[in-house]
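First comes the structure, then the notes that go with it.
The values are calculated or read from the model by the stated rules, or taken from the named source; none is laboratory data. Keep in mind that what you see is a predicted model, and the values were worked out from it rather than measured. Methodologically, a virtual Cβ is constructed for each residue, glycine included, from the backbone with ideal geometry; neighbour enumeration extends over all protein chains shown. The protein model used for the area step is the full one, side chains on, heavy atoms only, and it has no ligands, DNA or RNA in it. Shrake-Rupley method; radii C 1.70, N 1.55, O 1.52, S 1.80 Å.
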Amino acid sequence: MSGYDVIVVGARVAGAATAMLLARQGVRVLLIDRARFPSDTISSHQVQVPGIARLSRWGLLGQLHAAGTPPTRRVRFDAGNVVLDGHFPACEGVDTLYSPRRTVLDTLLVDAARAAGADVREQFRAEELTWSDGRVTGIRGSGRGVGPVTEPARLVVGADGKHSMVAGAAGAARYRERPVLSFACYSYWSGLAVTGGEIYQRPGRAVAVFPTNADLVMVYMAAPAAEFSTFRHDIERNYLAALDSCGDLGERVRASVRAERLRTTPDQPNAFRTSHGPGWALAGDAGVVMDSISAQGITNALRDAELLAEAIIAGLGGRRPLADALADHQRRRDAAVRAMYDFTVGLARFAPPSLAQRRLLAALAGRPAEISRFLGAFAGITPVDEYFAPGNMLRILGVRGVTGIAAAAVRR
């Protein structure tokens, strides 16, 4: 087949990173997106420490820093009755997260894909997949100044987000699907003084405060999906009311200047999709999407891009059958994301903290090394299922603490 080895549909984090990694290995790649970059999009912003470690390994972290993206090394976790203040543990020698504007991060990755040798076509929309004998053979689309064209490829990668055209056209099956549980609202504030990241857990609310580009601070809140219809009647008042429950945050925000409009979205699905089929594969949110409350989406996309690129290179290079390599990618992807997915769904339910959770937070107070490990679990450095495993809880709480929790459970 003439044409490209791989066409990547969607040039944001997952797509641009996949195209870059493939092109660096000599794969002929076409990367397309209907947007023109720089381009903004709804986002949780945070690139967690493991994601930053990948950007560093790929030689891109310096560019992110040069774009004026401030690093966050210290985080204050305020659960109301307990406040934990600490640092992230290191991952591959990196101990910071960044919260870049998507106008910065996505453009950086698109430029890196182009520099690696990928053909990049902006303002081009993939309208349908082309097929032959039950196999995807390419795409048909059009763009600004470009009439309807067909581009053939050995593989089409859908990195086109949670409402992926590629996934829908290929009939990618959903599994482990959960209902929409929360909505999100955020904006950017000028003149809001912060010394690091701030995370607040309140009944029915989650709030995050992190510095971003252009000396702005992103202030995010989430609440149960059932409250969205009421919230939207007066978005700014309800948003500020949530911040008022977080110590002096409401006062600090009111003393600042909102730099842009409030962005609000209830579009927060939770689902896995089958990630591959004859002639097609999925990356990022097109393959696994979860609630933004844990801010894992960008980091998941970077990891998935790396895993998928490895599989494609192995399959196209003849080291193993492409179908086998893509099936292995799905197994590795699911193993990597499953625990955080379940943890995220749990957070988005906004259930009152259990006795075990209250005991854990109280036991962490004043113990810097343990606070660091706790923050590492939230950042995805330590798998959350390992962190909250009984053995680790026993280590933190001691026999008396665990016995007390078990006794309370029996009394209930």
* Structure fact -> Output for Cβ contacts, cut-off 6 Å, separation at least six or different chains, first residue among the acidic types (Asp, Glu) in the range 111-140, second in a strand (DSSP E or B), reads ASP119/LEU30; GLU127/ARG140; GLU127/GLY141; GLU128/ARG140
* **Within the range 184-210, tally of residues that are outside any strand (DSSP E or B) and in contact with a Ser or Thr (Cβ under 8 Å, 6 or more places away or on another chain)** => 3
* Structure fact -> Checked the range 329-359 for anything at pLDDT 95 or above, among the hydrophobic types (A, V, I, L, M, F, W, C) and assigned to a helix (DSSP H, G or I); matches are ALA335, ALA336, VAL337, ALA339, MET340, PHE343, VAL345, LEU347, ALA348
* VAL110 assigned to a helix (DSSP H, G or I), of a type in the set (Val, Ile, Thr) and touching a strand residue (DSSP E or B) at 6+ places or on another chain (Cβ under 9 Å) -> yes
* What are the residues in the range 17-40 that are of a type in the set (A, V, I, L, M) and either out of contact with any Phe, Trp or Tyr (no Cβ under 9 Å at 6 or more places or on another chain) or at pLDDT below 95 (or both), if any? -> ALA19, LEU22, ALA23, LEU31, ALA35
* Structure fact -> Those residues of the range 211-250 which are more than 14 Å from LEU262 (Cα to Cα), assigned to a helix (DSSP H, G or I) and open to solvent by 60 Å² or more (accessible area, probe 1.4 Å) amount to ALA226, GLU227, SER229, THR230, ASP244
* Could you figure out which of (1) loosely packed, with under 15 Cβ neighbours inside 10 Å; (2) more than 22 Å from the chain's Cα centre (by Cα); (3) not basic (Lys, Arg) isn't true of HIS163? => (2)
* Name every residue in the range 114-132 that is of a type in the set (Lys, Arg) and either touching a Lys or Arg at 6+ places or on another chain (Cβ under 7 Å) or over 16 Å from VAL6 (Cα atoms) (or both), in order of residue number. => ARG125
* Considering only the range 48-64, state which residues are among the small types (Gly, Ala, Ser) and within 17 Å of ALA336 (Cα to Cα). => GLY51, ALA53
* To do: Please go through the range 120-134 and pick out each residue that is open to solvent by 50 Å² or more (accessible area, probe 1.4 Å), under 27 Å from the mean Cα position of the chain (by Cα) and under 24 Å from PRO278 (Cβ atoms).
  => ARG125, GLU127, GLU128
* Regarding PHE77, is this residue at pLDDT 95 or above, over 17 Å from the mean Cα position of the chain (by Cα) and not in a loop (DSSP other than H, G, I, E, B)? -> yes
* **Members of the range 234-265 that are farther than 18 Å from ASP215 by Cα and β-branched (Val, Ile, Thr)** => ILE235, THR264, THR265
* Asked: From the set of residues in the range 135-160 that are touching a Gly at 6+ places or on another chain (Cβ under 6 Å) and under 12 Å from ASP33 (Cα atoms), which is surrounded by the most Cβ atoms within 10 Å (Cβ to Cβ)?
  -> ALA159
* **Residues that are among the polar types (S, T, N, Q) and either out of contact with any Leu (no Cβ under 6 Å at 6 or more places or on another chain) or open to solvent by 30 Å² or more (accessible area, probe 1.4 Å) (or both), drawn from the range 66-88** => THR69, ASN81
* Right, LEU31: at negative phi and surrounded by 22 or more Cβ atoms within 10 Å (Cβ to Cβ) or not? -> yes
* **Among (1) over 18 Å from LEU84 (Cβ atoms); (2) free of Cβ contacts under 8 Å to residues at least 60 places away in the same chain; (3) aliphatic (A, V, I, L, M), the one test that VAL207 misses** => (1)
* Could you say whether any residue in the range 376-387 is polar (S, T, N, Q) and modelled with pLDDT of 95 or more? -> no
* Structure fact -> VAL253 meets each of (1) open to solvent by 30 Å² or more (accessible area, probe 1.4 Å); (2) over 16 Å from ALA172 (Cβ atoms) with one exception, condition (1)
